[in-house]
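Q: First the structure, then my questions, so here it is.
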Amino acid sequence: MNVTSNSTYKIIRYILLSKKFKQVDIHKSTKCSKGQVNKVVNWLLSRKFIEKGKNIYYIIDPAGIISLFPLFRNMKDLLIYRIPLRAEKEKILKNLSKGAILCLDTALNKYSGYYRSNRICIYHKKPDFIKNKFKPYSGGIIDLEIYQPDMDLEKDTIEGVTSKFRTVIDMTCDGKTYVAKDLFEELWGIKFG
């Protein structure tokens, strides 16, 4: 099952954020068909990511579900441009257009003090606009990385930043699950060794 397909992603997002759920609630909230909801729930149940209680389901392996995303999605495939810039990170962030959505390391910096990097990562629907806007500043040590938006991004954005949930997904798909350890603990109580 492709966890990144539109309806499957909506269902899995609901499950991961709810922790316990009923199929009817997923159907009402996501507007996905009852058949699709049942298919995804039974698939997760058969792989022991969730368990069924009396009239309710419980998530038992959120990290296992998250680990499925890189099988179908790699952030390198979504990268459109990497532009080395010679400006201060804060100045670059201040000059991004309103359509920019901070993601990956840059979003993680908003939520966690654990990890810092020298790159600015954004989703943007008009990557050429951003590339041209920052062209005069090219040639430095701060990388501006522009990614193609995907997977129902609008529902995963809070004030121009990917949500904590989406940031975990993105970091996992970028091969850096470990740097999102604070968010794993906050969202699901999972502690990394």
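What follows draws every value from the coordinates through simple rules; no lab data is involved. Predicted model, so just to flag it, every value in this text is computed and none were measured. Here the Cβ is made from the backbone with ideal geometry for all residues, glycine too, and neighbour counts use every protein chain on show.
To keep it simple, each residue is scored yes or no on (1) within 20 Å of K176 (Cβ to Cβ); (2) surrounded by fewer than 15 Cβ atoms within 10 Å (Cβ to Cβ); (3) of a type in the set (A, V, I, L, M, F, W, C); (4) touching a helix residue (DSSP H, G or I) at 6+ places or on another chain (Cβ under 7 Å).
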| site | (1), (2), (3), (4) |
| --- | --- |
| P62 | yes, no, no, yes |
| P70 | yes, no, no, yes |
| M75 | yes, no, yes, yes |
| L79 | yes, no, yes, no |
| A87 | no, no, yes, yes |
| N95 | no, yes, no, no |
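Q: Would you pick out the residues in region 60-70 that are hydrophobic (A, V, I, L, M, F, W, C) and either touching a residue at least 60 places away in the same chain (Cβ under 8 Å) or in contact with a Pro (Cβ under 7 Å, 6 or more places away or on another chain) (or both)? Even if it seems obvious, please write down each step before you answer.
A: Filtering region 60-70 down to residues hydrophobic (A, V, I, L, M, F, W, C) leaves 60, 63, 65-66, 68-69.
A63, I65, I66, L68, F69, listed by residue number.
Q: May I pose another question? Give region 15-30 a look and list any residue that's free of Cβ contacts under 8 Å to residues at least 12 places away in the same chain and either basic (K, R) or not in a helix (DSSP H, G or I) (or both), or say none.
A: Once the filter is applied, which keeps residues that are free of Cβ contacts under 8 Å to residues at least 12 places away in the same chain and either basic (K, R) or not in a helix (DSSP H, G or I) (or both), region 15-30 yields only K28.
Q: Could you list, in sequence order, all residues of region 77-100 that are free of Cβ contacts under 8 Å to residues at least 60 places away in the same chain, farther than 14 Å from I142 by Cβ and part of a helix (DSSP H, G or I)?
A: Of everything in region 77-100, just one residue is free of Cβ contacts under 8 Å to residues at least 60 places away in the same chain, farther than 14 Å from I142 by Cβ and part of a helix (DSSP H, G or I), namely D77.
Q: Kindly state which helices (runs of 4 or more DSSP H) lie completely within region 124-193 and contain at least 3 residues that are acidic (D, E).
A: It comes to 181-188.
Q: Restricting attention to region 103-135, which residues are closer than 23 Å to L153 by Cα, touching a strand residue (DSSP E or B) at 6+ places or on another chain (Cβ under 8 Å) and among the aromatic types (F, W, Y)?
A: Of everything in region 103-135, just one residue is closer than 23 Å to L153 by Cα, touching a strand residue (DSSP E or B) at 6+ places or on another chain (Cβ under 8 Å) and among the aromatic types (F, W, Y), namely Y123.
Q: I need every pair where a residue in region 1-14 that is within 15 Å of I26 (Cβ to Cβ) has its Cβ under 7 Å from the Cβ of a residue that is assigned to a loop (DSSP other than H, G, I, E, B) and aromatic (F, W, Y), sequence separation at least 6 or different chains.
A: Close Cβ pairs (under 7 Å, with a partner that is assigned to a loop (DSSP other than H, G, I, E, B) and aromatic (F, W, Y)) amount to V3/F72.
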